[in-house]
Amino acid sequence: MKKIWATAALVALGVTSAQGQTPQPADWVILTLTANANKPADVTWDRIGGHDWCGILRFLDRLKGCTIDSGRGEVGSVRTVMVGTTPTVEMAVARTPLSYTYAQPYTPIFYHGTMGVEAVDATHSRIVYTLMWNQTPVGDAAAQAAAREARKGAFQRAVDKMAEAVNAP
């Protein structure tokens, strides 16, 4: 009975907390970028550095540095990536054996990314990088389109470089 009351109290607190928030306008963009790999999923994950919390630095040209602030990539880990000369804090919010999801909690666009590998069959896999952000703060329609295209190009190039690294002999 105590457990039921405790759960009910927590739910009530959560509802109260959510009701106190001011909704913000959002126009969410979701991009999913993929590339095929001629290796099993676990081999692909290893070759793209999926176990390395700063491994993305090898593939994403727009990143000029990566520092692990806490953890090693498990949920709750924090890293700071240098996007050009701008430091951007990212927190690991989800992790599976072949994927991780991070969020940029201090950016106005509330950006998220998931890098993962999916098995196609016993000897082939697919690299999947999904991006999601609120484009409302970016500006007008032209600025939003430019931001979408820039991210799409940069991250597709990164995914393609990952596939090249995996498929190399």
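Looking at the range 110-118, can you tell me whether even one residue there is in contact (Cβ under 8 Å) with a residue 60 or more places away in the chain, crowded, with 18+ Cβ neighbours inside 10 Å and of a type in the set (Phe, Trp, Tyr)?
no
Just checking, how many residues over the range 74-96 are of a type in the set (S, T, N, Q) and not in a loop (DSSP other than H, G, I, E, B)?
Total meeting the criteria: 4.
Can you go through Ala146, Ala158 and tell me which one is exposed (fewer than 15 other Cβ atoms within 10 Å of the Cβ) and either part of a helix (DSSP H, G or I) or in contact (Cβ under 8 Å) with a residue 40 or more places away in the chain (or both)?
Ala146
Got at least one residue in the range 84-102 being within 14 Å of the chain's Cα centre (by Cα) and over 22 Å from Met162 (Cβ atoms)?
yes
Name the residue that is nearest to Val159 (Cα to Cα), counting only residues in the range 59-94 that are surrounded by 18 or more Cβ atoms within 10 Å (Cβ to Cβ) and in contact with an Asp or Glu (Cβ under 7 Å, 6 or more places away or on another chain).
Ranking the candidates gives Val81 first.
Results for (1) closer than 21 Å to Arg151 by Cα; (2) in contact with a helix residue (DSSP H, G or I) (Cβ under 6 Å, 6 or more places away or on another chain); (3) free of Cβ contacts under 8 Å to residues at least 12 places away in the same chain, shown as yes or no for each residue.
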| position | (1), (2), (3) |
| --- | --- |
| Ile30 | yes, no, no |
| Asn36 | yes, no, no |
| Pro40 | no, no, no |
| Arg47 | no, yes, no |
| Ile56 | yes, no, no |
| Leu60 | yes, yes, no |
| Glu74 | no, no, no |
| Arg95 | no, no, no |
| Ser99 | yes, no, no |
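Answer yes or no: is there a residue in the range 97-105 that is modelled with pLDDT under 95 and assigned to a strand (DSSP E or B).
No, because not a single residue in the range 97-105 is modelled with pLDDT under 95 and assigned to a strand (DSSP E or B).
Does the range 3-14 contain any residue that is at pLDDT below 95 and closer than 24 Å to Gln135 by Cβ?
The answer is no; no qualifying residue exists.
Keeping to the range 128-143, report how many residues are free of Cβ contacts under 8 Å to residues at least 60 places away in the same chain and more than 13 Å from Val29 (Cα to Cα).
Of the residues in that region, 4 qualify.
Asp121 versus (1) surrounded by 14 or more Cβ atoms within 10 Å (Cβ to Cβ); (2) at pLDDT 95 or above: which is the lone unmet condition?
Condition (1) is where Asp121 drops out.
The values are calculated or read from the model by the stated rules, or taken from the named source; none is laboratory data. All figures in this text were calculated on a predicted structure; none of them were measured in a lab. Every residue, glycine among them, receives a Cβ derived from its backbone with ideal geometry; neighbour counts consider all protein chains shown.
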